[in-house]
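Colleague: Please find one structure pasted underneath; my questions will follow.
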Amino acid sequence: MGEEIDAQEFTGADRTRHREKIRRNLDVFERMLGEARFDTDDPMTGLELELNLIDEVGDPAMRNEEVLRAIADPAFVTELGRFNVEINVPPAKLREGGLTTFENDLRQRLNDAETRAETQGANLVMIGILPTLAEQHLRRSTLSADSRYALLNEQVLDARGEDIAISIAGPERLETTTDSIVPEAACTSTQFHVQTSPAQFAAYWNASQAIAGVQLAAAANSPYLLGRELWRESRIPLFEQATDTRSEELKVQGVRPRVWFGERWITSVFDLFEENVRYFPALLPIVDDEDPLEVLDSGGIPSLAELKLHNGTVYRWNRPVYDIADGMPHLRVENRILAAGPTVADTVANAAFYFGLVRALAEDERPVWSRMPFATARENFQAAARQGIDVRLGWPGVGQIPATELIREHLLPLASEGLNAWGVDAAERDRYLGIIDGRCAARTNGAEWFARKMHARDGMERFDALRATLLEYREAMHTNEPVHTWE
């Protein structure tokens with residue numbers, strides 16, 4: 001979805017041509033998995049971070065175009081809402097100090113960007129959902145000016161045929177409707193990328209699915225939406241509902257949602273791309289001129305543009321990625337579970353925990369997904385999104401136990417082994433995993449800290465309390481001290 005899109009209207013003939021082309025893409029991709037040489041020799045890891053913009057009082061700042069012009073750094077790009085920007089951090093090798101490189105690079109770029117954003121009356125905040133968003137901020141006029149967002153909005157609503165209902169019940173309840181996908185813009189996230197070989201992809205994806213609930217328990221950071229205290233990671237239900245192309249009738253019929261956890265363990269990356277084509281009609285049926293079979297037969301690397309664009313409109317929490325870099329195709333798992341923040345150190349600690357744990361589990365001789373029903377992974381994911389760090393999770397061999405106990409006693413040692421396998425320096429490993437351990441010991445992540453501060457301001461008007469707490473959060477964010485140490 002990051003590429004420019006020119007077409008604004010699609011005919012039935014466009015959709016027929018696209019269906020034929022994407023199936024050709026799929027056939028070529030299947031052949032490539034068996035024949036082509038993918039880049040697997042020295043895997044890279046990557047990180048993308050979506051950020052919110054606020055003004056001096058803590059309200060959303062609808063100024064991403066002005067802010068991006070002021071920042072003037074190609075690593076920063078637009079996101080769906082005018083109060084969002086995204087930074088794409090250069091990929092790194094973990095064995096070469098990649099975690100510290102991520103932290104240093106992020107801090108430098110964000111500090112520079114903050115200085116420039118201030119000239120436009122805006123500040124950057126790393127939090128999953130901007131707590132001060134109100135109904136008036138989630139209108140069509142809030143969409144970024146880029147034409148692809150307006151087109152996506154139109155296609156989602158056309159597919160659905162009716163307004164989108166948002167219904168989330170936590171400590172408080174939210175019931176609202178929207179005539180656009182703008183609420184999706186409220187869901188900012190961090191994406192971790194891990195490169196794998198075709199043979200290893202299924203193991204890394206399955207492992208990522210198995211630990212999704214664990215990640216949310218440790219790092220939930222989105223407890224408030226439109227003035228209500230909802231789930232500890234309210235991004236999860238909001239994103240699922242805000243981009244749902246199904247009418248109520250289609251839901252009852254069992255049509256899959258486009259924001260999807262999935263329904264089974266896989267045996268190949270091909271399974272995921274094939275599901276995308278089989279289950280989800282194209283939102284953007286754009287066809288390019290490349291003949292992928294001709295390119296492959298002539299010794300080239302096909303772009304598979306239709307398959308890639310379609311994949312970008314199926315919002316899996318762990319998404320498969322096919323891409324080409326330096327003339328070589330490669331595969332990545334894109335882990336999209338977590339919100340950003342609260343600090344850069346917290347974000348990189350989340351990355352360390354993910355990269356270490358996913359490698360240890362993916363390379364285990366007796367993989368966790370052979371012992372865990374897929375339904376358990378999905379239930380863990382939903383329960384952790386609701387309850388955050390206080391959740392109890394199901395795990396093979398230990399049953400249903402508190403997430404903090406599961407992480408400290410069972411999973412942090414595995415993450416440590418995984419980082420060792422990546423070649424991470426011991427001091428670097430211990431620093432970042434120590435942040436996860438500290439969070440669990442203090443039972444404090446971003447969501448818990450924010451909710452506690454809000455409860456202490458119960459006597460204030462709700463949005464005044466949200467603004468005050470967000471400004472306090474932002475001040476602590478700039479210390480780069482992990483959130484569990486803020487109190």
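Colleague: Report the extension gain between Val398 and Arg443 in nm, rounded to one decimal, defined as 0.36 nm multiplied by the number of residues separating them, less their alpha carbon distance.
Modeller: Additional length available on full extension: 14.2 nm.
Colleague: Okay, helix-only estimate at 222 nm for the chain: each DSSP H run of n ≥ 4 adds -39500 (n - 2.57), divide by all residues, round to 500 deg cm²/dmol; what do you get?
Modeller: Numbers: 18 runs with 217 residues, N = 487.
Mean residue ellipticity, 222 nm, calculated: -14000 deg cm²/dmol.
Colleague: Could you pull out which residues in the range 6-40 have an amide N less than 16 Å from a spot 7 Å beyond the Cα of Ala199, following the Cα-Cβ vector?
Modeller: Output list for this probe position: 33-40.
Colleague: By per-residue mean of other Cβ atoms within 10 Å, what is the highest-first order of 413-421, 252-260?
Modeller: 413-421, 252-260
Colleague: Compute the signed sum of charges (Lys and Arg +1, Asp and Glu -1) over the other residues within less than 12 Å, Cβ to Cβ, of Glu379.
Modeller: Charge balance near Glu379 sits at +3.
Colleague: Count charges around Ala36 for me, please; just the other residues with Cβ under 14 Å from its Cβ, Lys/Arg as +1, Asp/Glu as -1. Working shown, then result.
Modeller: Numbers: positive: Arg31, Arg37; negative: Asp27, Glu30, Glu35, Asp39, Asp297, Asp323.
Every neighbour counted, the sum reads -4.
Colleague: Around Arg82, with a cut-off of 15 angstrom between Cβ atoms, what is the net charge of the other residues, counting Lys and Arg +1 and Asp and Glu -1?
Modeller: Net local charge, Arg82 excluded: -4.
Colleague: Further, regarding this structure: Just to confirm, what accessible area per residue do you get for the chain at 1.4 Å probe, in whole Å²?
Modeller: Numbers: 18420 Å² over 487 residues.
Counting only protein heavy atoms, the per-residue value for the chain is 38 Å².
Colleague: Given axes a ≥ b ≥ c from the Cα gyration tensor, I'd like to know whether the range 194-253 is rounded (a/c under 1.5), prolate (a/b larger than b/c) or oblate. Don't skip to the answer; put the middle values down first.
Modeller: Numbers: a/c = 3.10, a/b = 1.36, b/c = 2.29.
Oblate, because a/c is 1.5 or more while a/b does not exceed b/c.
Colleague: Could you calculate the contour length gain from Glu35 to Asp14, that is, 0.36 nm times the residue separation minus the distance between their Cα atoms, to one decimal place in nm?
Modeller: Extra length from Glu35 to Asp14 when fully extended: 4.5 nm.
Colleague: Would you give the gap between the C-alpha center of the range 234-286 and the C-alpha center of the range 395-433, rounded to a whole Å?
Modeller: Centre-to-centre (Cα) distance: 31 Å.
Colleague: Which of the peptides 83-93, 385-395 is most tightly packed, and how do the rest follow, going by the mean number of other Cβ atoms within 10 Å of each residue?
Modeller: Most protected by this proxy first, the peptides run 385-395, 83-93.
Colleague: If you look at just the Cα atoms of the chain, how large are its Rg and its Dmax in Å?
Modeller: 21.6, 71
Colleague: Moving on to the next point. Please work out how much length the chain gains when fully extended from Asp458 to Met328, using 0.36 nm per residue of separation minus the C-alpha to C-alpha distance, in nm with one decimal.
Modeller: Details: separation 130, 0.36 × 130 = 46.80 nm, distance 5.62 nm.
Full extension of this stretch gives 41.2 nm more.
Colleague: Mean Kyte-Doolittle hydropathy of 0.5 or higher plus an axial Cα length of 18 Å or more: which whole DSSP H helices in the chain meet both?
Modeller: 344-362
Colleague: In addition: How long are the semi-axes of the equivalent ellipsoid of the range 87-213, taking √(5λ) for every eigenvalue λ of the Cα gyration tensor, in whole Å from largest down?
Modeller: Over the Cα atoms of the range 87-213, the semi-axes work out to 31, 24, 16 Å.
Colleague: For the range 350-392, what class follows from the C-alpha gyration tensor (a ≥ b ≥ c being the square roots of its eigenvalues): rounded when a/c is under 1.5, otherwise prolate if a/b is larger than b/c, else oblate?
Modeller: Judged from the Cα gyration tensor, the range 350-392 comes out oblate (a/c at least 1.5, b/c at or above a/b).
Colleague: So what is log10(I(q)/I(0)) for the range 226-362 at q = 0.09, 0.15, 0.16, 0.17 1/Å, when the Debye sum runs over its Cα atoms only?
Modeller: Normalising to I(0) and taking log10 leaves -0.38, -0.98, -1.07, -1.16.
Colleague: Using a Förster radius of 30 Å, what is the FRET efficiency between Thr479 and Glu172 based on their Cβ-Cβ separation? Nearest 0.05, please.
Modeller: Computed FRET efficiency for Thr479 and Glu172 comes out at 0.50.
Colleague: Using the Cα gyration tensor of the range 32-167, with a ≥ b ≥ c the square roots of its eigenvalues, what is the shape: rounded (a/c below 1.5), prolate (a/b larger than b/c) or oblate (neither)?
Modeller: Oblate is the answer for the range 32-167, as a/c is 1.5 or above yet b/c matches or exceeds a/b.
Colleague: Given the peptides 171-178, 193-200, arrange them by the average over their residues of other C-beta atoms within 10 Å, most packed first.
Modeller: So the peptides 171-178, 193-200, ranked by packing, come out 193-200, 171-178.
Colleague: Amide H of Val259 versus every other amide H placed in the peptide plane: which residues, excluding those fewer than 5 positions away on the same chain, fall under 5 Å?
Modeller: Amide H to amide H, under 5 Å and 5 or more residues apart or across chains, Val259 pairs with Tyr315.
Colleague: Residues of the range 162-188 with the amide nitrogen closer than 18 Å to a label point 7 Å from the Cα of Glu154, along Cα-to-Cβ, please.
Modeller: 162-163, 179-182
Colleague: Roughly speaking, to the nearest percent, how much of the range 257-312's 1.4 Å accessible area is carbon and sulfur?
Modeller: Whole-percent figure for carbon plus sulfur exposure: 52.
The values are calculated or read from the model by the stated rules, or taken from the named source; none is laboratory data. Just so it is clear, the model here is predicted, and its values are computed rather than measured. Cβ coordinates were reconstructed from backbone atoms using ideal geometry, including for glycine residues, and neighbour counts include every protein chain displayed. Only protein heavy atoms, including side chains, enter the accessible area calculation; ligands, DNA and RNA are left aside. Shrake-Rupley method; radii C 1.70, N 1.55, O 1.52, S 1.80 Å.
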